[in-house]
Amino acid sequence: MSLWVDKYRPRTLDELHYHDQLSARLRSLAASGDFPHILFYGPSGAGKKTRIMCTLRELYGPGVEKLRIDQRVFVTPSNRKLDVNVVQSNYHIELTPSDVGMYDRVVIQDILKEIAQTQQVDLNAKQRFKVVIINEADALTRDAQAALRRTMEKYMNNMRLILCAGSTSKIIAPIRSRCLLVRVAAPTDDEMSKVLHHVAKKERFHLPDPASDAIISSSSGNLRKALLVFEAMKMQRPDLSGDLDVAKPDWETYCGKVADAILSEQSAQKLLEIRGKLYELLSHCIPPTVVMKTISERLVEKVDDEVKKQIVHWTAYYELRMRVGSKKIFHLEAFVAKIMMVYKNYTLMGMMDDIDMF
Amino acid sequence: MSTSIQSSQSYMTTSSLLLDALAPRPPDQNSPTVLVDKDINSTMEIDAEFEMLEQEDRMTKSSRTGFEVSKRFSGAGTMSLNQFGQTHEDQDEGERPTGTNMAISVDSPPPGDAFDEEPEGWEEEASMEEMERAKRSLAMQKPVSSVNTGVNPKSSSSSSRSMSSGKHHSVGRPAMSVASTSTSEFQPLDDGIFGPSLQGLRAETASGSVISFKRRSKPAVKSVAGESGHSSDISHLLGQPLHHLLAEVQELKSRERALKMQKQYDDEARLNVATPVAGSSCTSMWVDKYRPKRFSDLLGDDRIHREVLSWLKEWDRCVFRRANTVRKRRMDEENAYNDPLDRPKDRVLLLSGPPGLGKTTLAHIIARQAGYKTLEINASDDRSASTVNTRIKNAIEAGTGLASEGRPTCVIIDEIDGAGGGGDHSFVKGLIKLIQDVPARRKTNTPAKPLRRPIICICNDLYANTLRPLRPFARVVRFRQAQSQLLVKRLRDVCAQEKLEADLRVLTMLVEMTTGDVRSCLNTLQFIKSKSSVVTPEAIKTSSVGLKDSGTTLQTVWNNLFIPIAAKTRRKQIGIDDGKYVNRLVDDIFSCGDYDKLVQGLFEHYPKLKPLDASLANLGKLHSWIGYYDALSGRVNERMEFELAGYIPYSLVPWYSHMAAPANNTKATEWPKADYESYQTRVVNEEIVTSLKKTMPGILRSLFPTTTLLTELIPLLMRIITPPLRPVNAIIVKADEKATLNRLVELMIPLGLSFWQEKGENGQPMMRLEPPIDVFIHYEGKRADDIAASRFAVRQLIAQAVRLRCLIEPIHGPSADKGYFSFWPDDRWRLN
């Protein structure tokens, strides 16, 4: 018994609720005996990981569900020891670069080489190869991605890679060209409500439509989040009726506060106050890019159409700077100050910068 | 050059230059032969030439390209190698070949060359000319080498002869001779230089090539040898032509003259060399010359001096076993610190202050004043923990011995902030152990020898990291700049004594410029004195040597960037032009060096200042400069592109143009800490996430990477596990509440969450969630509104239920999936 996200997760390709065509294709790929490297990409909570696990099960049978966690020690070039917990089964191994930090190249190289150079010993195994899943492949550093290139080709006999990424834009072209790209789109509202009702039915209670609509609209296509919200609401208020306030992660609420602060006053003092809030978010380990994106989304909800364009433009501009630079707070604050300036110019003078000039 | 080479035969294989120089010359019968003088000349130049050859050899380093130089002199054929002399002048005298191995064997001369072609006459003028020439060429070389005034080995009776350069070297070039004689095998077959059988020396280099050259013996031996040669030849005198004998006589005479002249020249040269050395040694640095010798000479704040002295006097009871009557009563009243050895409470004195104020001088003078012998340990000494044990301990424990002239030792540790190195074996750690009387070997129970002597430490930066552990044990005395009037007065006295004209205005300016650094003032004055006898403001301004490159503190740079210099002070200060600030600020920033902290301080401070522009436009520009700085420093730090480091200061200068305002001086820039605090909190929180991940089942781990774990799972999970339960006994709860409780238990166990009872800050018992992921729903210390306050009783209820469930199914757990529990730590369900 566990969280609904896990409990009602489809285990096989047949159980998947949506993207039937994709499921059929994955099934035939698994059956073909000529399984390629695959890059799954799509928005968060669309079901990439679920599909990956289903595909693995299709390839190897229920044995892949028997997960174990291994503690591995890697030695970096600077002789530092890294302890990494690796989730693996007999048939596959999972890597998450964010667990490793900046030394992902070392880990990737070590693990891939190890897997690639050992043959499958289990004679009953359905496939000769093992699978390496790389979560958040777009968070891989460039070095690590480059380390993947040749290994992917060289050790094709013993290993297949399944990459899982938010978007393909941060994955270098050589890797993209070596993979079969599979896009997993976010479920539509109907599909989501179908899933929610399915869960409700399994849990033997009735999900009123207003509640399901509220959940779906708040989770914006992220089914995983929708299910968590659903469960939270059910726990908080078992009857799911009446005045519903949808459970929302606290940091999102807080980002909304930052957006409000930006719009309420544009001054250096306010900037100082907002900086405190930004630090608060960062110290809660919320990734700075997520912070920036969320603030920008909240802002866009609240301003006039003309300013929206500007806000989106500057968000993109400062997100790039932030990725290039190293001190996140500088760029977050620069972003906030810029938005303040744009907004102030607009409200006081009705003046807009011409963003094409930049 | 009038040369008289009758036959000079040589060849060499490597150097075309030398080949040219050594090319056989057509015999010039008419030119006068200057036997002695030329010989001096030629030997010198042969010498030079050999050096050249050897250098050549060394340079090419090819063992096979050996060379052979053979020179044959027929009759009185003198070889003058002035060509070599000229080429030699280009040679670097400092480079002396040292490692050439020569096996020199004496070669019997080829008999063919007779001496019948000896030229008849020679002219005095020519000889003098040659002499001058020799002198000049000698002047190019080291004066020492001129000792070897060659005796002309080419006597009339010589058939042919080679001059041994090896021998020559052994006289003239000490350095050379060591090298050559140590490895050479001399086989002098015949010492009779003037004998009929004259030998050429054949030398063999390490590479196996053969050099043969004419031989010459030492001048001291010469006369004897010459006479013996005469005496041995006396029976043959009659058989010799008269003109040969006459020539011989003349030769001897001129040789004497040459020797004399050479000696005279040597003396002159030695004098010339010696004079400047003596001149420089007699003047000492003014800093040393005018260093205070007594306590009353000291310049500066008397209170500081007295403070230091009184601390040292506090040791008297311990060291000299005499009561410090004057201070005793007051001390007892002040602090009732009773040391069994009557030592003061702070066993170390820490003098701190900027350089050049006389800290070291003060320490030495006061230690002497108080009757101690000083032992100074400064940055030039090895400073490690072992130094403390060896040098300092020995000095302190030596007591009053002969070496200390009956006085106890006071250790002065200069520049202690430079004693780097952390860890247990650092110098400062060792010092602290010594102060605290920690025994050297921990195992043994022998009590440590307590510290019985004072230690004075001197540092520039009191807050250096290395000093942090020492500060609590030390009495800190901060040095301040001496009153500038006093300093100016002292400087004027010095100037008067050194006969340097300087008026008060100029000296005041100098003192201001050096910010009271006496050492720097004196050095500047001495520098000016070396050029002129008047100190002018211009001279001070231009003598940038007086300005030391002192490191600028962060605070100074922050102020410089935020507060513009008032026009008045700008005019007063030296070297700052109106309106130009970039170079000045870049210098400041560069000398500060700690760009990261600097920017952090600027960044944290600027919103507190009044912006110059209400539209925030200059803030935007400022932020793009920060972005630029960040990009630069990222490149430098992460990609090691240190070429870019030079531009970093420039990326910080715009802070001045965008933020600097005179009003800013009301608010001092604070030490940046927000970023570090945030970082620390983040690290703690990351640790919490890691501990949660460790207990999470594998499938959840793979479903939720860290990012989604933080952004989605934890905030919502916290809502899931805090249902609105009533705090009632588990037996009487309603059915639906029981279902909720059960569900909660089933959720929490696999996730590894549990509640633990703890005492809160105010002593109240509270239930703490473990791992404490509830920090992630607390922003600014407040909990989100939609989560009900989880009451103690409810949490207790849940905790009991969880524990109960774990007792019932300790291994397999409520879930069928064993995998969940394979990593379940044992002590989780232990009752507390």
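So A:Lys293 clears everything in (1) within 14 Å of chain B (Cβ to nearest Cβ); (2) assigned to a helix (DSSP H, G or I); (3) crowded, with 20+ Cβ neighbours inside 10 Å except one condition, right? Which one?
Answer for A:Lys293: the failing condition is (3).
Of everything in the range A:257-270, what is within 17 Å of A:Thr315 (Cα to Cα) and within 7 Å of chain B (Cβ to nearest Cβ)? Give them in sequence order.
Those that are within 17 Å of A:Thr315 (Cα to Cα) and within 7 Å of chain B (Cβ to nearest Cβ): none in the range A:257-270.
Given the conditions (1) at pLDDT 90 or above; (2) facing chain B (nearest Cβ under 10 Å); (3) out of contact with any strand residue (DSSP E or B) (no Cβ under 9 Å at 6 or more places or on another chain), and given that A:Arg57 satisfies all but one, which numbered condition is not satisfied?
Result: A:Arg57 fails condition (2) only.
Specify the residue that is surrounded by the most Cβ atoms within 10 Å (Cβ to Cβ); the eligible residues are those in the range A:1-27 that are more than 14 Å from chain B (Cβ to nearest Cβ) and of a type in the set (A, V, I, L, M).
A:Leu26
Which numbered condition in (1) out of contact with any helix residue (DSSP H, G or I) (no Cβ under 9 Å at 6 or more places or on another chain); (2) part of a loop (DSSP other than H, G, I, E, B) is the only one that A:His206 fails?
That leaves (1) as the condition not met.
B:Thr690 - would you say it is out of contact with any helix residue (DSSP H, G or I) (no Cβ under 6 Å at 6 or more places or on another chain) and at the interface with chain A (Cβ under 10 Å from one of its Cβ atoms)? Reasoning before the result, please.
Details: out of contact with any helix residue (DSSP H, G or I) (no Cβ under 6 Å at 6 or more places or on another chain): yes; at the interface with chain A (Cβ under 10 Å from one of its Cβ atoms): yes.
Taking the combined requirement at face value, the residue satisfies it.
For the list (1) assigned to a helix (DSSP H, G or I); (2) away from chain B (no Cβ under 12 Å); (3) more than 21 Å from the chain's Cα centre (by Cα), I need the number of the one condition that A:Val64 fails.
That leaves (2) as the condition not met.
So which of A:Ala211, A:Ala259 ends up being assigned to a helix (DSSP H, G or I), among the aliphatic types (A, V, I, L, M), within 26 Å of the chain's Cα centre (by Cα) and under 19 Å from A:His197 (Cα atoms)?
Values: A:Ala259 fails: under 19 Å from A:His197 (Cα atoms).
A:Ala211 is the lone residue from the list that is assigned to a helix (DSSP H, G or I), among the aliphatic types (A, V, I, L, M), within 26 Å of the chain's Cα centre (by Cα) and under 19 Å from A:His197 (Cα atoms).
Are any residues in the range A:231-256 touching a helix residue (DSSP H, G or I) at 6+ places or on another chain (Cβ under 7 Å), part of a helix (DSSP H, G or I), within 22 Å of A:Ser296 (Cβ to Cβ) and within 11 Å of chain B (Cβ to nearest Cβ), and if so, which ones?
Scanning the range A:231-256 gives A:Asp250, A:Trp251, A:Glu252, A:Tyr254, A:Cys255.
Okay, residues lined up against (1) more than 7 Å from chain A (Cβ to nearest Cβ); (2) in contact (Cβ under 8 Å) with a residue 24 or more places away in the chain:
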| site | (1), (2) |
| --- | --- |
| B:Tyr606 | yes, yes |
| B:Ala614 | yes, no |
| B:Ile626 | no, yes |
| B:Asp630 | no, no |
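A:His198 passes all but one of (1) farther than 22 Å from B:Ile714 by Cβ; (2) within 13 Å of chain B (Cβ to nearest Cβ); which number fails?
Of the numbered conditions (1) farther than 22 Å from B:Ile714 by Cβ; (2) within 13 Å of chain B (Cβ to nearest Cβ), the odd one out for A:His198 is (2).
What helices (runs of 4 or more DSSP H), lying completely within the range B:271-326, carry at least 2 residues that are at pLDDT below 80?
Per the criteria, B:316-319.
Let me confirm something: among A:Arg224, A:Arg275, which residue is at the interface with chain B (Cβ under 10 Å from one of its Cβ atoms), among the charged types (D, E, K, R), closer than 30 Å to B:His605 by Cβ and touching an Asp or Glu at 6+ places or on another chain (Cβ under 7 Å)?
One residue alone meets the criteria, A:Arg275.
Just checking, does the range A:328-341 include any residue being within 27 Å of A:Ala211 (Cβ to Cβ) and not aliphatic (A, V, I, L, M)? Don't jump to the end; show me each part of the working.
So the first thing to find is which residues in the range A:328-341 are within 27 Å of A:Ala211 (Cβ to Cβ), and the list is none.
The answer is no; no qualifying residue exists.
For the structure I just gave you, tell me whether A:Ser169 is more than 14 Å from chain B (Cβ to nearest Cβ), hydroxyl-bearing (Ser, Thr, Tyr), without any contact (Cβ under 8 Å) to a residue 60 or more places away in the chain and in a helix (DSSP H, G or I).
Judged against the criteria, A:Ser169 is a match.
Can B:Val476 be described as surrounded by 14 or more Cβ atoms within 10 Å (Cβ to Cβ), out of contact with any helix residue (DSSP H, G or I) (no Cβ under 8 Å at 6 or more places or on another chain) and either at negative phi or not assigned by the TED database to the domain that holds B:Gly356 (or both)?
The answer is yes for B:Val476.
(1) facing chain A (nearest Cβ under 8 Å); (2) among the hydrophobic types (A, V, I, L, M, F, W, C); (3) touching a residue at least 12 places away in the same chain (Cβ under 8 Å): which one isn't true of B:Phe792, the others all being true?
The failed condition is (1).
I'd like to know if the range A:80-102 contains one or more residues that are in contact with a helix residue (DSSP H, G or I) (Cβ under 7 Å, 6 or more places away or on another chain) and either among the acidic types (Asp, Glu) or outside the structural domain of A:Ser177 (by TED's automatic domain parsing) (or both).
yes
With the condition kept exactly as written, say whether any residue in the range A:222-230 is assigned to a helix (DSSP H, G or I) and without any contact (Cβ under 8 Å) to a residue 60 or more places away in the chain.
yes
So the check is Cβ under 7 Å with 6+ separation or different chains; which pairs have a first residue in the range A:4-32 that's within 22 Å of A:Val229 (Cβ to Cβ) and a second one that's assigned to a helix (DSSP H, G or I) and among the β-branched types (Val, Ile, Thr)?
A:Trp4/A:Val199; A:Asp6/B:Ile699; A:Tyr8/A:Val199; A:Arg9/A:Thr50; A:Pro10/A:Thr50; A:His17/A:Val195
Would you mind finding the one in A:Arg323, A:Arg298 that is over 18 Å from B:Gly620 (Cα atoms), among the basic types (Lys, Arg) and buried (at least 17 other Cβ atoms within 10 Å of the Cβ)?
A:Arg298
Given the structure, is A:Ser212 more than 11 Å from chain B (Cβ to nearest Cβ), surrounded by 15 or more Cβ atoms within 10 Å (Cβ to Cβ), at pLDDT below 90 and touching a Lys or Arg at 6+ places or on another chain (Cβ under 9 Å)? Show your work before the answer.
Numbers: more than 11 Å from chain B (Cβ to nearest Cβ): yes; surrounded by 15 or more Cβ atoms within 10 Å (Cβ to Cβ): yes; at pLDDT below 90: yes; touching a Lys or Arg at 6+ places or on another chain (Cβ under 9 Å): no.
For A:Ser212, the condition - more than 11 Å from chain B (Cβ to nearest Cβ), surrounded by 15 or more Cβ atoms within 10 Å (Cβ to Cβ), at pLDDT below 90 and touching a Lys or Arg at 6+ places or on another chain (Cβ under 9 Å) - is not met.
Identify the residue in the range A:51-70 that is crowded, with 22+ Cβ neighbours inside 10 Å and not hydrophobic (A, V, I, L, M, F, W, C) and, among all such residues, is nearest to A:Asn222 (Cα to Cα).
A:Arg51
The values are calculated or read from the model by the stated rules, or taken from the named source; none is laboratory data. All values derive from a computational prediction rather than experimental measurement. When we count neighbours, we look across all protein chains shown, and the Cβ atoms used for this are built from the backbone with ideal geometry, even at glycine.
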